[in-house]
Amino acid sequence: MAGVNPAGERFAGQSAETLVGRRFGEVFSCTNAKISGECGAREACRDCPMRAAIKQVLNSGAPLHDREIRLDNDSSGGRSRFYLASVLPSSVAGGEEQVLAVLSDITERKLIESALRESEERYRLLSDVTMEGILIHREGTLLDANVALARMFGYQPGELRGRNVIAEAVHEEDRPLVLARVGKESTEPYVVRCYRKNGDLFYAEFEARNMVIRDETMRVVAVRDVTERRLAEQARERLLEQLHQAQKMESLGSLAGGEAHDFNNLLQAMSGNIHMLLRNRDDDNLTEKRLHVVAGAIDRAAYLVRQLLLFSRKAELRRQPVDIRQSIGSAVAMLERTIPRMVSFELRLDSELPLIHADPIQVEQVLLNLATNAVDAMAGCGTLTVTADSVEFSDEQAEGHGLRAGHFVVLSIADTGQGMDRATREQMFDPFFTTKEPGKGTGLGLASVYGVVTGHEGAITCNSSPGEGTTFTIYWPVSAEQQVIPVQLPALERQGTGSETVLVVDDEAQIRDLTREVLIDFNYQVVLTASGEEALQVFAKQPGSVDLVILDMNMPGMGGYRCLQELRLLDPSVPVLISSGYAGSGPVQEALQAGASGFIAKPYLLTELLSVVRSLLDGSPSRHVA
């Protein structure tokens, strides 16, 4: 060394006088070779970074700036120190080439950098082992992410770096929410829908903080996959909604049952009086025709009441041979009075369709539900095509539809509406699933259609695509009986007479009076009471005098069921015929099990009443249900 400045003295830990004239290697030790002594004295010195730098400058004559080297010296206690070396060619003195070496001690900076690297490595290790996804982004562009986040989104580690996660991974409808949260620097957690690499949708909870890193503000986001939790919450909400709907249906059923009882009592009074007028009719054919029209209207009203009860699940099914052509005609006539005129009907019905074995009210319910959905799908404008034909299925053909081999009527209802995508088709028969706006659909229509069809041992399929309309196809089993029994008003004169005493218990005065009139006309003795309590008093005062009791089940006070129980205790041998306009199967079965001899549903024909009364008085062993 030809000269050393004061800083060099501090680096070497020696004075300039002791350093001048000595070789570099006598003062500094090469870290790689770990030797001391004369620089270049050994072969290992070829790896000395300072020797290499000096040699490069001497050979090239060009200066070398800011090369980082690591050296040991005595003043550092044998510890390595880091320098930033610049080597410049200098003048030749005494025929020997010289260089000017400028060393800047950067040991403290290197120690800080090393500590920072270790800290970052520890952070990386912790973030990679955590189950929670962590990402750092600047204005949506991802700068870094841990392994858990990459795995959550279906990517390899590092594959997401540099991509705009908000634009690419967040559901398009949720992006405004994310951008708003970023703009407000919100720290509250929130849930959005995100896409995985394969396109699958999942729910993610974001919780973010702003952080300044290297003088730049960045967004650090913790991401949790909350799909299972979200689906569980949605399932709970659906269950609560279903419970609410079920409670409404139960309330509707109770209301329908009560209203049906009162309405059927009115129909009973009207129907009975019509029958009495027909019995006492003169030869005026016009009057008789009009009475038959009124009787038919009463039957239709009773049919509508039963339809309401069926919808609210308060009535039993009555399967019989049904002409589906008539059912379609009735449904279309009803719809044409209510749907927009821009919707047209096209009927393609085979003129020789066989009868199906079904409940006529439920068949009409299926038709109305499907047609109403079709009209809604067409937004009030389009064509609704109803097609009906018959087909014979072999075992193999039937198996493809989940049916048994046999003869079926194939009913198709097609619309020109907007159609359904695959996701909608997969859920369309689920209870309470609806695509309509809140308040405009219960989600029970197609579910009830599916239940009715499968309950009749039939099958239903759907063919639909977005923009191509929808076609529902139903396979109804053909009835073994191929004759519809016409509804006629039997003549009262053909019913048998009697002399027994009948106790009539009903809170409706019109029904009591009508029942007394028809029974007296057929020579029965009649006692009238308006409540269960009054009936028990009469029964107790005149033991053995009553041969039959006609008991209404829905009355104020103790009601019909308790009255029945008390009557059975007083005299179990007296037959009790229960009657009600509320035809729920549960109460009827309970009454029959409690000892009632038969049941007749209001409104009933007087001929039915007389027939059941005579049958019970004659000691028929079977419990008659009419």
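Scan the stretch 53-66 for residues that are under 19 Å from residue 111 (Cβ atoms) and surrounded by 15 or more Cβ atoms within 10 Å (Cβ to Cβ) and report the count.
Within the stretch 53-66, residues that are under 19 Å from residue 111 (Cβ atoms) and surrounded by 15 or more Cβ atoms within 10 Å (Cβ to Cβ) number 0.
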| request: Output the residues belonging to the stretch 537-589 that are of a type in the set (Phe, Trp, Tyr) and not in a helix (DSSP H, G or I). | output: 582
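Look through 510, 542 and report the one residue that is polar (S, T, N, Q) and either farther than 17 Å from residue 606 by Cβ or over 56 Å from the mean Cα position of the chain (by Cα) (or both).
542
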| message | Between a residue in the stretch 567-590 that is charged (D, E, K, R) and any residue that is modelled with pLDDT of 80 or more and open to solvent by less than 40 Å² (accessible area, probe 1.4 Å), which pairs come within a Cβ distance under 6 Å, given they are 6 or more apart or on different chains? | response | 568/595
| request: Could you grab me the full set of residues in the stretch 205-243 that are surrounded by fewer than 13 Cβ atoms within 10 Å (Cβ to Cβ), of a type in the set (A, V, I, L, M) and modelled with pLDDT of 85 or more? | output: 231, 232
| query | Which of the residues that make up the stretch 134-172 are of a type in the set (Phe, Trp, Tyr) and part of a helix (DSSP H, G or I)? | reply | 153
| task | Give the stretch 209-245 a look and list any residue that's in a strand (DSSP E or B) and farther than 14 Å from residue 143 by Cβ, or say none. | result | 209, 222, 223, 224, 225
| Qualifying residues in the stretch 361-399 (those that are within 31 Å of the chain's Cα centre (by Cα), assigned to a helix (DSSP H, G or I) and not aliphatic (A, V, I, L, M)) - the one surrounded by the most Cβ atoms within 10 Å (Cβ to Cβ) | 362
| Subset tally (residues that are hydroxyl-bearing (Ser, Thr, Tyr) and touching a residue at least 24 places away in the same chain (Cβ under 8 Å)) for the stretch 319-338 | 2
| request: Mind counting the residues in the stretch 61-87 that are modelled with pLDDT of 85 or more, farther than 20 Å from residue 11 by Cα and of a type in the set (Gly, Ala, Ser)? | output: 1
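The values are calculated or read from the model by the stated rules, or taken from the named source; none is laboratory data. This structure is a prediction, so every number in the text was calculated from the model and none was measured. Positions of Cβ are generated from backbone atoms using ideal geometry, with glycine treated the same way; all protein chains shown enter the neighbour counts. Quick note on the areas: whole protein, heavy atoms, side chains included, nothing else; ligands and nucleic acids left out. Shrake-Rupley method; radii C 1.70, N 1.55, O 1.52, S 1.80 Å.
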